[in-house]
Amino acid sequence: MMLRRRITLMGMSVIETASTREDLPLMVIPSCVPSMVEPLRKEFRKFDDVCRVRMYTDTVHDDEVFASRCKDADSVIVIGFRVSDDLLDRLATHVRCMVFGGTGVANYINLAKSQDYGMRICNIEHYGDNAVAEHTVALMFELARHAGHLDQELHDGNWVVMEGLELSGKTLGLVGFGGIGKAVARIAQGLGMHTLVYSRHEDHDALQAVGASWTSSLDEVFEHSDVLSLHLGLNEHTQGMITGEHLAKLHSGALFVNTARAELIEEGALVKRLNEGDVLAGLDVFDEEPIRTDDPLLSIPNAVLTPHVAWFTQEAVVNVVAQCAEAIGAFYRGERYNVVV
């Protein structure tokens, strides 16, 4: 096992392995979140005689700090940080591989530019399907039964009664039917909901397994859903594909949930629809993250908001870390693992 050392400066620690092995390439984790530090450390043994490791245990959102920490890196693990085009230009002079600790890498790294530079970009697949699906359903329940709101009222000394909505027997519309969409459909089946799926291709066996119906019409799924949930990846084809016209088709009293990406929705369209007051929304993703203090969503009473934590469970964290380590190891073995470009 390679020797490790920890340097602590102003509350931030740097954990290194094989720091004297100049013959090995350097892998840098320039920013981390507290819950991932220990799981990542447990993976370091996989890099014995493969690469040096340098991990910064704090969380940063500054290009200059990120660039400085990666100045000697051959490979980088990106956790919770958007790599700007300017930063990518600087890293491309020496970084050959970046592994993004999530699925929607196109929202965090310019893939076309990375490909032009010949830089390998990897992501993490299906690490949090169950986590995101369960959070999606949790938002549905909050919109339907108001448990969190009622709890706060009681703690504030108010005995408030709010009429709820039963999900059983309702139609759940899913826009997207990948791993997360399928997991949501399985839960919905157990709740006695009818599921209507919009996706590019009809996966007959998967639909049959959860008792779901399929449509090729986006309009149809919006028109007929009591609960509508987005589960698409973000790319050039899906960005802005949910328009104000689609949202207008939601009937009064419908519930709208987005744990995918805010950019799937035409800019400003969701706020406009919610301001009509007859649709409730549960949102875990936003146009800017962290959300701006002046974001109009914060002042809309019929919206329940969570800070992009749908994926964040103990089990998902372990899965993310394991896949990040495997992607780096595969790169140095000359193999491919979750390669996007």
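Translational diffusion coefficient of the chain at 10 °C, 1.306 mPa s, Stokes-Einstein with Kirkwood Rh over Cα pairs, in µm²/s as a whole number.
On the way: Rh = 21.7 Å.
Calculated translational D: 73 µm²/s.
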To the nearest µm²/s, what D does Stokes-Einstein give for the stretch 129-305 at 37 °C and 0.692 mPa s, using the Kirkwood radius over alpha carbon pairs as Rh? 199
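Using 0.36 nm per residue of separation minus the Cα-Cα distance, give me the extension gain between K272 and H126 in nm, one decimal. Let's see the in-between values first.
On the way: separation 146, 0.36 × 146 = 52.56 nm, distance 3.28 nm.
Working it through step by step, the gained length comes to 49.3 nm.
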What FRET efficiency, computed as 1/(1 + (r/R0)^6) with R0 = 56 Å and r the Cβ-Cβ distance, is obtained for Q239 and T20, rounded to the nearest 0.05? 0.75
Let's test the formula: R0 of 51 Å, r as the Cβ-Cβ distance of L191 and D72. What FRET efficiency results, to the nearest 0.05? 0.45
Determine the gain in length on full extension of the stretch D89-V65; use 0.36 nm per residue of separation and subtract their C-alpha separation, reporting nm with one decimal. 7.1 nm
Formal net charge of residues neighbouring E315 (Cβ-Cβ distance under 14 Å; K, R +1; D, E -1): -2
What order do you get for Y332, Y56 when you list them from fewest to most C-beta neighbours inside 10 Å? Y332, Y56
Ranked highest first by average number of other Cβ atoms within 10 Å, how do 229-239, 81-91 line up? 229-239, 81-91
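What fraction of the Cα pairs in the stretch 205-323, stated in percent, has a spacing above 20 angstrom? If you can, show how the numbers build up before the last one.
Values: 3365 of 7021 pairs.
Taking all Cα-Cα pairs of the stretch 205-323, the fraction more than 20 Å apart is 48 percent.
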Would you list, by chain and number, the lysines whose Cα falls below 19 Å from the Cα of K182, excluding same-chain residues fewer than 8 positions away? K170
To check you understand DSSP bridge types, tell me what percent of the beta bridges within the chain (both residues inside) are antiparallel, rounded to 5. 25
Between the modelled labels at H201 and V33 (7 Å from Cα along Cα→Cβ) the distance in nm is 3.1
Can you give me the three principal axis dimensions of the stretch 1-151 from its C-alpha atoms, in Å, biggest first? 59, 36, 29
The chain, relative contact order [Cα under 8 Å, separation at least 6], %: 16
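Throughout, read-outs are computed from the coordinates displayed, never taken from laboratory work. Note that the structure is predicted; figures quoted are calculated from it, not measured. All Cβ positions, glycine included, derive from the backbone under ideal geometry; neighbour counts span all protein chains shown.
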